[in-house]
Amino acid sequence: EWLRLGTFSWTTTVNWSQNKNTVVELAPGIESVGLAGFVDPSSRAVKGYAMGVLYGSRWERDATGKIVLDANGFPVPAATYGVLGDPNPDWRAGLINTLRFGRLTLNVVVDIAKGGKIWNGTKGALYYFGTHGDQTWWTTISAEEANTLKNYLGRTPNEMISLYPTRNTYKRNPDGSVSFRGYVTDFGGGRVIVDEYYFWSGPGSGFTGPSEQFMEDAGYVKLREISLTYNFPLRKFGLESIDLGVIMRNIKIWTKYTGIDPETNLTGPTNGQGLDYFNNPPMKSIIFSISINY
């Protein structure tokens, strides 16, 4: 308790924890053991890494760690799998604030997780079908750009229109400019067009490309619980009082994760962790309570 004014008081409880571990040794000749997930990716025990690291397909990199690009300027998937990230948070913390004013009590619980990685497999799958919520890109490029910029297939927008005149992937405008569903970016080898073919035929989706691209920061700040209770004195019939309360759980989350909730796991409470593949989010709830005190 750090504040008291008459019948008002404010108590704050802070907890902090950190778990650092390393898989030191496995059976002879074994470098990793699958814990949960898919062939790609999976949560594994890998010698020399923390328990449960995410392991799967990744981008090809040169000796400096830079992603290798193909002749058209697009990233190249690597031939081998490797460790993609550690789902274990750097640390966790909790804040519990209890405010009392007479017979009224308010509890506010906040949970914090710093760091850690999660695989957004849901996003990867939806990217393939073009149905993810952020695939609303619509870009218009000049007539000159439509004749020079190339997509993953190595073709310009004008070439695509000539080859597939009945498709709506690209649309030529009256002024010669071209509009398409996608965007222009630079992976490091010059400006290129990322269109629907990058997700269907190229490595841009979870079904056609590396799992590494769908690894995200799993850190969060969550308003875990708010509860409000009022104590009614009732010294009759052998009773002391009655508590009336309302509890709200999983109310709000602040996170960089683009999925529903980073505090989720495909395989539930197992050694494997950090996998999100069409998981149900944690349930929000409102609970009303009555407690009778004798």
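Every read-out reported here was derived from the displayed coordinates using simple, explicitly stated rules and does not represent laboratory data. Every value quoted in this text rests on a predicted model; they were computed, and no experiment measured them. No Cβ is skipped: glycine too gets one built from the backbone with ideal geometry, and neighbour counts run over all protein chains shown.
Key figures
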quantity: Spin-label model distance (nm) - residue 168 vs residue 143, 7 Å beyond Cα toward Cβ; calculated: 2.6
quantity: Fraction in percent of alpha-carbon pairs per bin - 10 Å, segment 131-171; calculated: 27, 51, 21, 0
quantity: Candidates per GluC sites (Glu not before Pro) in segment 1-78, loop by DSSP, up to 14 other Cβ within 10 Å; calculated: 1, 25, 31
quantity: Inter-label distance for residue 207 and residue 254, nm, one decimal - labels placed 7 Å from Cα along Cα-to-Cβ; calculated: 3.8
quantity: Sparse-neighbour loop sites [chymotrypsin sites (Phe, Trp or Tyr not before Pro); segment 1-103; at most 13 other C-beta within 10 Å; DSSP]; calculated: 2
quantity: Answer label for P(r) over Cα pairs in 5 Å bins from 0, in percent (calculated), chosen among [x] 1, 5, 13, 18, 20, 19, 13, 7, 3, 1, 0, 0; [y] 1, 5, 9, 11, 12, 11, 10, 9, 8, 7, 6, 5, 3, 2, 2, 1, 0, 0; [z] 1, 6, 11, 14, 15, 14, 12, 10, 7, 5, 3, 1, 0; calculated: [y]
quantity: Cβ charges +1 (Lys, Arg) and -1 (Asp, Glu), total dipole of the chain, debye; calculated: 980
quantity: Listed residues 203, 21, 162: farthest to the positive end of the dipole of the chain (Cβ charges); calculated: 21
quantity: Qualifying lysines (Cα of each under 20 Å from Cα of residue 222; at least 8 residues distant if same chain); calculated: 114, 117, 252, 256, 284
quantity: Hits among aspartates and glutamates - C-alpha to C-alpha of residue 20 under 17 Å, sequence gap 8 or more where chains match; calculated: 86, 90
quantity: Potential lengthening between residue 17 and residue 294 on full extension [0.36 nm per residue; Cα-Cα distance subtracted]; calculated: 95.9 nm
quantity: Positive-pole candidate from 104, 48, 76, dipole of segment 7-154, charges at beta carbon; calculated: 104
quantity: Whichever lysines have a C-alpha closer than 16 Å to that of residue 150, once near sequence neighbours (fewer than 8 apart) are set aside; calculated: 171
quantity: Ellipticity estimate at 222 nm from DSSP helix runs (n ≥ 4, -39,500 (n - 2.57)) divided over the chain, nearest 500; calculated: -2000 deg cm²/dmol
quantity: Dimensions in Å of segment 1-59 - Rg and Dmax from alpha carbons; calculated: 21.8, 69
quantity: Which of 248, 260, 238, positive extreme of dipole for segment 222-261 (C-beta unit charges); calculated: 260
quantity: Chain lengthening between residue 135 and residue 236 when straightened (0.36 nm per residue, less Cα-Cα); calculated: 29.9 nm
